[in-house]
Amino acid sequence: SFTESISATDCPAFEAGAGGREDAYYVFLDNGEGVTLTYASTAFDPYLRVYASTSATAVATDDNSGGGTTARLTVRNTSGQRDYFIIVPNTRSAGQSGSYTMQVAAASAALVAAAPAPPAWWDERFPRSRTPRRTGEGWR
């Protein structure tokens, strides 16, 4: 797990109903592997979306399945090959900010440090000014 924060300078949420600001990370999964993500904050209501590298539509979303305002979901790679998934934690409502904790639980599924090039659909969905920057945790 790791602790990070969402601030007014982070990327604005692009998906209708997704809320205020957001970060972006990714995880590689071999075919058949799954990962459970738990996203919690005492500063705001967390909302979590996950995208497959080949899809501009979220393959999973969650608001409060982890109890209280904690978001929790499980994603499994069924693509038939190794693939990566983009994890997008954000605030449920505009104007929220603060620290959060992201827990990643799965065998051999960890957030990686070297980000691949964004998928082709990324530029279509995110204007150039919102293309994530690369950090030690992946895209940001």
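The values are calculated or read from the model by the stated rules, or taken from the named source; none is laboratory data. All values reported here derive from a predicted model rather than from experimental measurement. For neighbour counting, all protein chains shown are included, and Cβ atoms are generated from backbone atoms with ideal geometry for every residue, glycine included. For accessibility, only protein heavy atoms count, side chains too; no ligands or nucleic acids. Shrake-Rupley method; radii C 1.70, N 1.55, O 1.52, S 1.80 Å.
Surface composition of segment 1-88: carbon and sulfur atoms hold 45% of the protein heavy-atom accessible area at a 1.4 Å probe. Relative to the current alpha-carbon distance between Ala94 and Thr78, full extension at 0.36 nm per residue lengthens the span by 2.4 nm. Once both labels are positioned 7 Å from their Cα atoms along Cα-to-Cβ, the gap between Thr69 and Val104 label points is 2.5 nm. Taking 0.36 nm per residue of separation and subtracting the Cα-Cα distance, full extension of the segment from Glu4 to Ala58 would add 17.2 nm.
Note that segment 25-80 presents 39 Å² accessible area per residue, ligands and nucleic acids not counted, probe 1.4 Å.
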